[in-house]
Amino acid sequence: MSGIEQTMADGEGKHQGYRLKKTVVLVGMMGAGKTAVGRAVAARLGVPFLDSDAEIEAAANLSVPEIFQRDGEAFFRKRESEVIARLLRQERCILSTGGGAFLAESNREMISRDGVSLWLNADLPLLWQRVRHKESRPLLRTPNPYATLAEIYRARVPVYEKADISVTCQPSLSIEAMASRVIAALAEQPDVLENQDA
């Protein structure tokens, strides 16, 4: 464990010693922990946590599965890009995105220009363990959801690998421990987190 991880492993309140200089956009598969870990990181750094799916749902007054069903995936992806662009222009924050958001090259370019992308890299067995009992995953409403998840995983990992930063998820790590890993990774980037105590 690095010194940064050690000092933050106990999750002791906000870390005013750091100033976030760019919005951190969490990318990765459904079930990787973008929302849970993102909330923990934002709380530690004392910055807002935003979720692009939640913002879309609030604007449409519909859930993501309902939007998929009513308007189709292409419509959803267009709204998603608009919401991410708007959130990147707001105050610095931790921004969780849907699993498909990073696939669009225009989104990747926008995130790279206005923020920094961080991939929560979880392997297939861990993802399946987390999502298999969830009813809120429209892409997994198929006769064989595991095969569907595996297919999505294989297709998306090469794109997620293009993220600016990668942090590996492990089943044994708590949300707080993952948050410590993420903050440690961000602190290694010279233009993302400024250590005001240094």
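Residue under question is L124, and the condition is that it be in contact with a Cys (Cβ under 7 Å, 6 or more places away or on another chain) and surrounded by 12 or more Cβ atoms within 10 Å (Cβ to Cβ); does it hold? Taking the combined requirement at face value, the residue does not satisfy it. Of all residues in the stretch 47-61, those satisfying the criterion of being over 12 Å from the mean Cα position of the chain (by Cα) and farther than 17 Å from A184 by Cβ are P48, A54, E55, I56, E57, A58, A59, A60, N61. Just checking, does the stretch 81-96 include any residue being in a strand (DSSP E or B), open to solvent by less than 10 Å² (accessible area, probe 1.4 Å) and out of contact with any Asp or Glu (no Cβ under 7 Å at 6 or more places or on another chain)? Looking for residues that are in a strand (DSSP E or B), open to solvent by less than 10 Å² (accessible area, probe 1.4 Å) and out of contact with any Asp or Glu (no Cβ under 7 Å at 6 or more places or on another chain), one finds at least one in the stretch 81-96, hence yes.
For residues in the stretch 18-47 being β-branched (V, I, T) and buried (at least 22 other Cβ atoms within 10 Å of the Cβ), which is farthest from G115 (Cα to Cα)?
Ranking the qualifying residues of the stretch 18-47, first place goes to V37.
Of all the numbered requirements in (1) among the small types (G, A, S); (2) modelled with pLDDT under 95; (3) under 17 Å from L26 (Cβ atoms), S117 misses one, and that requirement is (2).
Among A155, A101, which is open to solvent by 50 Å² or more (accessible area, probe 1.4 Å), within 28 Å of G72 (Cβ to Cβ), in contact with a helix residue (DSSP H, G or I) (Cβ under 9 Å, 6 or more places away or on another chain) and small (G, A, S)?
A155
Take D164 and decide whether it is open to solvent by 40 Å² or more (accessible area, probe 1.4 Å) and modelled with pLDDT under 95.
no
Quick one: is L173 among the hydrophobic types (A, V, I, L, M, F, W, C) and assigned to a loop (DSSP other than H, G, I, E, B)? The answer is yes for L173. The residue list T142, T148 contains one member that is open to solvent by 10 Å² or more (accessible area, probe 1.4 Å), part of a helix (DSSP H, G or I) and among the β-branched types (V, I, T), which is T148.
The values are calculated or read from the model by the stated rules, or taken from the named source; none is laboratory data. The structure presented is a predicted model; accordingly, all values stated were derived computationally and were not measured. FYI the Cβ positions are ideal-geometry reconstructions off the backbone, even for glycines, and counts take in every protein chain you see. Protein only, heavy atoms only, side chains kept; ligands, DNA and RNA dropped before computing areas. Shrake-Rupley method; radii C 1.70, N 1.55, O 1.52, S 1.80 Å.
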